[in-house]
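Read-outs throughout are calculated quantities, based only on the coordinates presented, and are distinct from any laboratory measurement. All figures in this text were calculated on a predicted structure; none of them were measured in a lab. Because the Cβ atoms are built from the backbone with ideal geometry, glycine has one as well, and the counts that use them run over all protein chains shown.
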Amino acid sequence: MTPSDIIAVLKQYDAGGIVSVVADLPYPHVLVKAEHLVAVAAFLKTDPQLRFDLLRCISAVDWPANNGMEVSYDLISTSFVHTFAVKVMLDRRDPQVESVSGVWPAAQWHEREAFDLMGVRFLRHPDLRRILMPEDWTGHPLRKDYQDVVEYRGLKFNP
Amino acid sequence: MKEIELQYQPDLLHEGEVPSDIRTEELVLNMGPQHPSTHGVLRVILHTDGELVLKAVPYIGYLHRCAEKIAEKVTYRQFTPYTDRLDYLAAMNNNLGFALAVEKLGGIETPQRADYLRVIFSELNRIASHLVATGSYGLDMGAFTPFVYCFREREWILDLFESACGARLTYSYITIGGVRDDLPDGWVGRCRDFLDYFEPKISEYNDLLSFNHIFVHRTGNVGVCPPDLALAYALTGPCLRGSGVKWDLRKATPYSRYDEFDFDVPVGRGQNGTLGDCWDRYFVRIEEMTQSVRIIRQALDRLPDGPVQAKVPRMLKLPAGEIYCEVENPRGQLGFHLVSDGGTSPYRLKVRGPSFCNLSVLPVLARNCLLADISALLGSLDIVMGEVDR
């Protein structure tokens with residue numbers, strides 16, 4: 001299916017949850033309200049026309065200028081070979097969204113990474129803890145306003 | 001006295017019956033981060049009951065080098081050498097993935113000869129990477145000889161790479177807009193010599209390792225990953241195909257003119273155990289080497305003349321926008337989510353390492369697995385920690 005067909009199917013399912021759509025290449029996607037995310041994800045996975053069975057990636061992007069934290073979910077369907085992406089825009093001061101690990105278990109580690117490096121809290125995640133940084137690290141390194149740590153466990157760093 | 005008797009004569013115990021005065025508890029074992037079979041700095045905490053693993057909790061991040069943060073500080077061209085160090089056994093494929101993401105977002109057309117060279121070098125690197133996977137998997141299972149055989153052939157590939165780009169591990173050969181240099185004189189002939197030499201060797205590996213009785217017993221029926229589990233955890237590459245799912249990005253969404261080549265996608269069939277076991281994942285890699293040889297032969301036969309590099313400005317600026325681009329690496333799908341704000345460096349670059357996703361299924365597969373099979377399982381997933389931790 002082309003991106004515009006996918007968007008049409010999605011609009012039929014949940015028009016109220018969709019904030020904006022982009023049907024053009026290179027990155028067709030739909031921005032949904034955070035509280036609709038899990039329902040939309042489950043629909044994308046199970047709908048017989050869509051069947052997005054492979055969650056490829058979850059990436060968080062920090063936008064301090066408009067106080068937003070964007071989380072994108074990149075999907076592909078192995079049965080129909082079409083790709084699509086879903087996005088949510090969260091409040092940067094306290095970004096939180098429901099976890100999609102119930103729909104795609106692959107999300108578990110991606111969400112832990114987004115939590116670790118960007119500070120997005122995924123509600124109802126089975127095991128939300130840091131994954132790449134040490135457990136006692138402070139701050140979220142991929143945020144745009146991250147200040148480099150000068151000392152960690154007695155180790156001093158020269159900038 | 002009765003207690004001592006029981007201790008030394010376990011046959012006196014009825015099966016499954018433990019005297020009430022003996023306390024049993026889980027034994028927690030630490031594996032790694034320095035362990036030969038974890039293939040790098042991976043640490044796994046194993047909760048065991050005798051020989052049985054009840055729970056395995058992987059801890060990663062020991063090789064975290066903030067590649068994604070670095071990407072925000074350097075220009076697009078400057079990031080290519082960093083991609084070499086993600087999956088350091090398949091640097092060519094990483095270069096290709098990043099170059100394609102930038103080219104697609106920037107609308108850069110690559111010359112036909114560059115595309116063919118990219119295919120040749122990615123497939124050679126796929127063979128080299130699978131040789132390491134095969135050889136070290138044999139090593140994990142206690143067979144030393146196949147390792148030496150595999151590295152002998154890999155050496156020839158590295159020589160070919162060295163003559164083309166000067167490096168043996170971190171190539172940075174595939175750059176934005178094409179490849180860095182044209183081939184040196186006589187390279188095509190040397191590559192053909194290698195393919196003629198290498199192709200019969202694959203059956204040698206099969207005799208040595210694949211169908212070896214001990215190896216089959218160590219890997220068949222072990223770490224079985226059914227197809228739906230593999231898809232749910234987004235396994236890709238040989239791990240997904242080992243579970244019988246015919247999914248290969250080179251066929252599904254061809255890039256870099258892969259659609260012009262004729263090749264098959266090998267999948268696991270469960271011929272030495274259950275579908276999706278360690279042996280299936282291993283054997284898919286062996287079969288893929290044959291297919292890579294086929295692709296390289298076709299590419300060499302039809303290698304067009306012409307430039308190898310498109311005109312790309314030194315300080316490349318991409319239009320504001322974003323893209324998600326994936327390529328089929330030896331270990332699975334390597335993805336780059338590139339967000340540009342119109343500047344000379346990425347605003348955000350997220351790397352989806354295939355090993356990262358493949359490793360996330362470990363806690364599920366390791367449950368109720370024998371302790372000795374953990375290394376069989378880890379080796380069959382074929383992880384590279386440089387890519388897991390980035």
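Using only DSSP helix segments of four residues or longer, with each worth -39500 (n - 2.57), what per-residue ellipticity at 222 nm results for the protein assembly as shown after dividing by its residue count and rounding to 500? Let's see the in-between values first.
Values: 19 runs with 210 residues, N = 549.
Estimated from H runs of four or more residues: -11500 deg cm²/dmol.
How far apart, in nm, are two points set 7 Å out from the Cα along the Cα-to-Cβ line at B:Gln34 and at B:Glu204?
Taking the two extended label points, one gets 3.5 nm.
Any idea which of B:Ile22, B:Gly186, B:Pro266 is furthest toward the positive side of the dipole for chain B, if Lys and Arg beta-carbons carry +1 and Asp and Glu beta-carbons -1?
Value: B:Gly186.
Among the lysines, select those whose C-alpha is under 25 Å from the C-alpha of B:Lys350, and discard any that sit fewer than 8 residues away in the same chain.
The reachable lysines, counting only those whose Cα sits under 25 Å from B:Lys350, are A:Lys33, A:Lys45, A:Lys87, A:Lys144, B:Lys69, B:Lys73, B:Lys104, B:Lys251, B:Lys317.
Which one, A:Leu75, B:Asn212, A:Leu90, projects farthest toward the positive side of the charge dipole computed for the protein assembly as shown from Cβ point charges (K/R +1, D/E -1)?
Of the candidates, A:Leu90 comes out farthest on the positive side.
Could you size up the charge dipole of the protein assembly as shown around its Cα centre, putting +1 on the beta carbon of Lys and Arg and -1 on that of Asp and Glu, and report it in debye to the nearest 20? Walk me through the numbers before you get to the answer.
Values: 58 positive and 72 negative charges, 314 e Å.
Dipole size: approximately 1500 debye.
Between A:Ala65 and A:Ala23, what FRET efficiency comes out of the Förster formula 1/(1 + (r/R0)^6) with R0 = 25 Å and r the beta carbon distance, rounded to 0.05?
On the way: r = 25 Å, r/R0 = 1.02.
Calculated value: 0.45.
All other residues with a Cβ under 11 Å from the Cβ of B:Arg297 taken together, and with Lys, Arg as +1 and Asp, Glu as -1, what is their net charge?
Numbers: positive: B:Arg192, B:Arg294, B:Arg302; negative: B:Glu123, B:Asp196, B:Glu199, B:Asp262, B:Asp301.
My count for the surroundings of B:Arg297 gives -2.
With charges set only on the Cβ (+1 for Lys and Arg, -1 for Asp and Glu), what does the dipole of the stretch A:3-156 come to about its Cα centre, in debye to the nearest 20?
The dipole magnitude comes to about 80 debye.
Based on alpha-carbon centroids, what's the gap between the stretch B:335-353 and the stretch B:81-114 in Å, whole number please?
So the two Cα centres are separated by 13 Å.
To test your reading of the geometry: what angle, between 0 and 90 degrees and rounded to tens, separates the Cα axis of helix B:112-140 from the longest principal axis of chain B?
Helix B:112-140 and the main axis of chain B meet at about 20 degrees.
Once the Cα atoms of helix B:145-165 and of chain B are each reduced to a long axis, what angle between those two axes, in degrees from 0 to 90 to the nearest 10, is obtained?
The two axes meet at around 20 degrees.
Each label point is 7 Å from the Cα along the Cα-to-Cβ direction; what then is the distance between the points at B:Arg257 and B:Val188, in nm?
It works out to 1.2 nm between the two label points.
Fully extended, how many nm does the chain gain between A:Trp137 and A:Met1 (0.36 nm per residue separation, minus their Cα-Cα distance)?
Details: separation 136, 0.36 × 136 = 48.96 nm, distance 4.43 nm.
Gain in length upon complete extension: 44.5 nm.
Quick check for me: using +1 on Lys/Arg Cβ and -1 on Asp/Glu Cβ, what's the dipole size of chain B about its Cα centre, in debye to the nearest 20?
Result for chain B is approximately 1540 debye, rounded to the nearest 20.
With everything on Cα atoms, drop me the angle between helix B:187-205 and the longest principal axis of chain B, reported from 0 to 90° to the nearest 10.
Helix B:187-205 sits roughly 20 degrees off the main axis of chain B.
All other residues with a Cβ under 15 Å from the Cβ of B:Arg348 taken together, and with Lys, Arg as +1 and Asp, Glu as -1, what is their net charge? All intermediate terms of the calculation are to be shown ahead of the outcome.
On the way: positive: A:Lys87, A:Arg92, A:Arg143, A:Lys144, B:Lys69, B:Lys73, B:Lys350, B:Arg352, B:Arg390; negative: A:Asp62, A:Glu70, A:Asp74, A:Glu113, A:Asp145, B:Glu68, B:Glu72, B:Glu322, B:Asp341.
Residues near B:Arg348 contribute 0 overall.
Based on the Cβ-Cβ distance of A:Asn158 and A:Ala15, what FRET efficiency does E = 1/(1 + (r/R0)^6) give at R0 = 56 Å, to the nearest 0.05? Could the numbers behind the result be given before it?
Working: r = 55 Å, r/R0 = 0.98.
Once rounded, the FRET efficiency stands at 0.55.
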